[in-house]
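Here is the structure we will look at, set down as structure tokens.
All of the numbers you see were taken from the coordinates with simple rules; none came from a lab. Nothing here was measured: the structure is a model prediction, and the numbers come from that model. Neighbour counts run over all protein chains shown; Cβ positions are idealised from the backbone, glycine included.
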Amino acid sequence: MSSAPAGKLLSMEEAVRRFVHDGDTLAIEGFTHLICFAAAHEIIRQGRRDLTLCRLTPDLIYDQMIAAGCARKLIFSWAGNPGAGPLYALRRAVEKGVPAPLELEEYTHFGMAARMAAGLTALACLAPLAASAGALV
């Protein structure tokens with residue numbers, strides 16, 4: 001039994017329909033068994049396009065979303081999947097534009113975490129991140 005107030009629970013289908021739109025920027029985070037495959041698969045099923053995907057370490061769900069043509073841009077700090085190997089769809093999109101060209105924006109892990117923390121607190125940036133702009137860390 002859920003402790004959520006009545007009317008606050010949505011199916012994944014309804015949540016994606018209401019809150020994920022073409023052109024949106026989104027982050028689906030998690031680690032190992034906590035990665036939300038259901039959300040990514042529902043986004044694919046509903047045919048969302050031109051998404052900017054953000055994740056510290058994009059893995060299989062982002063590779064699937066890229067392969068399905070959902071992504072326009074990927075913002076990340078390290079791309080790969082130690083357990084399943086390289087992200088083939090990401091590589092095809094970057095090298096060959098298949099299924100569509102993919103814009104990349106890469107940061108350090110600290111840079112990504114600072115960007116997310118700044119966003120959560122409604123700040124334009126965090127001072128340590130601004131200080132490292134352009135630096136190879």
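Backbone geometry of region 22-34 corresponds, through the Karplus equation with coefficients 6.51, -1.76 and 1.60 at θ = phi - 60°, to 3J(HN,Hα) couplings of 3, x, 6, 10, 8, 10, 10, 9, x, 9, 6, 6, 9 Hz, x marking Gly and Pro. The HN-Hα couplings worked out from phi for region 57-71 by the Karplus form 6.51 cos²θ - 1.76 cosθ + 1.60 (θ = phi - 60°) are 10, x, 9, 4, 5, 6, 4, 5, 5, 5, 4, 7, x, 7, 9 Hz, whole numbers, x standing for Gly and Pro.
Residues whose amide H lies under 5 Å from that of residue 49, counting only those 5 or more places away or on a different chain, are 22, 23; hydrogens are built 1.01 Å from N in the peptide plane.
Where the only charges are on Cβ atoms (+1 Lys, Arg; -1 Asp, Glu), what is the dipole of the chain about its Cα centre, to the nearest 20 debye? Intermediate results must be reported in sequence, preceding the final value.
Details: 13 positive and 13 negative charges, 28 e Å.
About 140 debye.
Give me the net charge for the shell around residue 37: Cβ to Cβ below 14 angstrom, other residues only, Lys and Arg +1, Asp and Glu -1.
Details: positive: 45, 55; negative: 29, 42, 59, 63.
Summing Lys and Arg as +1 and Asp and Glu as -1 gives -2.
DSSP finds beta bridges in region 12-129, and of those with both partners inside it, around 10 percent are antiparallel. Excluding residue 87 itself, what net charge comes from residues whose Cβ is under 13 Å from its Cβ, given Lys and Arg +1 and Asp and Glu -1? Neighbourhood net charge equals 0. Under a 5 Å amide H cut-off, with hydrogens placed 1.01 Å from N, residue 81 pairs with 87 among residues at least 5 apart or on other chains. Over the chain, the fraction of Cα-Cα pairs per 10 Å bin, rounded to whole percents and listed from the shortest bin up, is 11, 37, 34, 15, 2, 0. Remark: region 87-93, residue by residue, has Karplus-estimated 3J(HN,Hα) of 8, 5, 5, 4, 4, 4, 5 Hz, where x stands for each Gly or Pro and the curve is 6.51 cos²θ - 1.76 cosθ + 1.60 at θ = phi - 60°. Near the amide H of residue 54, within less than 5 Å, lie the amide hydrogens of 26, 27, 28, 75, all on another chain or at least 5 residues away, with H placed in the peptide plane.
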